[in-house]
1. At what distance in nm do the modelled label points of E13 and L423 sit from each other, each positioned 7 Å from its Cα along Cα→Cβ?
2. Which is farthest toward the positive dipole end of the stretch 584-651 among T618, Y606, T628, measuring Cα position about the Cα centre, with Cβ charges +1 (Lys, Arg) and -1 (Asp, Glu)?
3. If I model a spin label as a point 7 Å beyond the Cα along the Cα-Cβ vector, how far apart are those points for S669 and N453 in nm?
4. Send over the per residue convex hull volume for the stretch 656-730, Cα only, as a whole number of Å³.
5. Mind pulling up the Rg/Rh value for the stretch 4-207? Radius of gyration and Kirkwood radius, both on Cα.
6. Ordered by packing density, taken as the mean number of other Cβ atoms within 10 Å over each peptide's residues, highest first, how do 71-80, 253-262 rank?
7. Roughly how many whole Å is it from the C-alpha centroid of the stretch 279-339 to that of the stretch 687-732?
8. Give, as a single signed number, the net charge of other residues whose beta carbon lies under 12 Å from the beta carbon of E438, with Lys and Arg counted +1 and Asp and Glu -1.
Amino acid sequence: MRPRWEVSFADTEKRAILNAYRRLLRACGDFLDKNGRTELRRAFRFALEQHGEARRRTGEPYILHPLAVALILVKEIGLKDLSAVIAALLHDVIEDTDTPLESIQAQFGPAVARLVEALTKITRVQSPTDSVQAETFRKILLTMADDIRVALVKLADRLHNLRTLTGLKPEKQAKILAETEYIYVPIAHRLGLYPIKTEMEDLILKFRHPEVYAALEAKLQATARERERYIQRFLEPLEARLKAELGLPYRIESRIKGLSSIYQKMQRQGVPFEEVYDIFAIRIIIDSPPATEKADCWRVYSIVTSLYRPNLNRLRDWISQPKATGYEALHITVMGPEGKWVEVQIRSRRMHEMAEYGLVAHWRYKEQQNGRPSSYDEALDRWLQRIRSLLENADLSSVELLSELHPDLAHEEVYVFTPKGDLKVLPAGATALDFAYEIHSEIGRHAIAAKVNGRPVLLNYVLQNADQVEILTSDRAEPTEEQLSFVKTGRARLKIREYLKQQRKQAIERGREVFEWRLRHLGLRPDDPVIKELLWYLRLPSLEELLYRLGTHTLDLGRIQEFIRLKRLSGTTPIVDQLSHHLGLLSGAPEVGHPEEKVQYASCCYPIPFDSIMGHLTGEGMVVHRTTCREIQRVLSLDSSKVRPLRWVSTPEKPFLAALLLEGEDRQSMLLDLVKVISLRKRKNIRFIRIEGKASYFRGVIELFVYHEPDLLGVIKALAEVRGLLRIERYQAPPNS
């Protein structure tokens, strides 16, 4: 009597089933012995009989699906484990048939039964924001923390479902695509299964945007011959050098960027297909022993860069510091023929298998190395331990667990949305300002704050997955040095640095005009040796810094004039030696700036941290002066024994009185604008204002409280934006005032 399943299918279907089984058997040939092949045959027949004449929505026999899943698991994911392969064949038996778990345990043992049970418990996700998804996510993580093979089988299952998605209704397709993008793509990434991740992303693009997918595919095919010819021109001299100098077996592959990755780059950079220059990459794989593979990879790097000029800003050394996913390689971008940039990836054979098969390849090499742990083991163990500890927290809801752990799955990326719902992908740790620059460089340049999920936040707010971000801008806002300390993306850093570099260049030119004009009035040349002494006196590292501070109105011209006067009074003794003699070693000087201290701060020069200061011993106690103060210089010249070197405490905790000299256009509401900047925008307390006007010009002094010199410089920079204000500098009282 023929088996029940043979009656149910046409001859062509029977051949398809048998051919699928034989392909699986061949794929398992290198790790199954005779007993293993027998077990696999039993599992195949068991699955065949349980599913019977069931068919998929596409119309094909259902048994072809578990056969395909098992083949993907072995051949594409690289898992060579009999229990996992059998579980892949049986993964839908409990859910889709009346077969009890006890029957599977009796037939194939407890190890297979546990895997099948875990696979059965994982239900489908409804939507990325639904609580059902959060519970499903918990179940997936629970099984991963217990036995990560479950995740590998689910990835194989999901990939085959995507490949055969055509027969499903659009709404069913949308649910599967959302589930894949939100859970399975990040899991594949975290486990280092990059080919699986790439194909999933491409299939998501294919079904969500079929026109885009078809257009990109057509363009890739249309440029294939030209690309192949270019690659050949690139490789000819390189292969000749490798054969002559490397002394190791190697092979070279060309890797075409995934269609989804190309599309994302086009969207991210706002460029057409023709302007995506890294569509392909050259991959050099060397057969090098683990003991010397790193050094050998660098030898290949040397050969490549001796032929083609490298872009050092695009060097990625994941050999010295592998990614958390275990990925190891050297990535370099070089200038190839015709002035085109070409990415070259350099790997050993072991690294290549790690890149293709991720965690599974790592297991194989770990077994060969007698189980010695690596940094990848430690990183994975820490991650799995974090999963376990969070799962054990009974107070943590499924939604909270999802919020905690989903960023770890995505690992290096954070997914956020614009107010219109457009998805933006940024590196983990990216801030609201990174998001602003991702939208447009001008938005980043003028950003002042953000709204995240409707709540106002600062620009240094670190974005979380699923945040919806709106950027608030002002035409008067500009990039600052401080922003470089918290932005994450290279794009944001580049744009901020470009702006600051341009602003610095303009400020230096303005400062040069002012400085040279002042020198001419003092009868000095720009190359006079006295300039070096001036820099020491002002405690500035270079002439460029002096010019920059003059150009940004953060250096009092009076200090330069005072230096020249001291220089002329000092005769032949260099001003450096003279001041060193008077000041002594500042490291041993008394500290000032404490909250409860019995010193006075001179009202003639308004010293604030971290001005260069000296103390004058008077009958009423110590009076602190700036070293450029005319009064302290007068005391020095009369009786230096009454002058003491002083230094500031490292972190002053009280405000100090400062004064600014202002000159400019005497227009209506000028005083109001000044007060708005100081009191409202910079939130400083004003103690005194004196303004004198003459015709259409005014001159005035404002006393205000600040904490230190950088604090005051911030006020000066803000005041520089006030319309009609022509001069801003530190105020110093004239002699005998």
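1. With each label placed 7 Å out from Cα toward Cβ, I get 3.6 nm.
2. Most positive-ward Cα: T628.
3. For S669 paired with N453, the spin-label model returns 4.0 nm.
4. So the per-residue hull volume is 71 Å³.
5. Result for the stretch 4-207 is an Rg/Rh of 0.94.
6. Numbers: 71-80: 21.7, 253-262: 17.4.
The peptides rank, most packed first, as 71-80, 253-262.
7. The distance from the Cα centre of the stretch 279-339 to that of the stretch 687-732 comes to 56 Å.
8. +3
Rule-based calculations on the coordinates, nothing more; no lab input. Because the structure is predicted, anything quoted here is derived from the model rather than measured. All Cβ positions, even for glycine, are placed from backbone atoms using ideal geometry, and neighbour counts span all protein chains on display.
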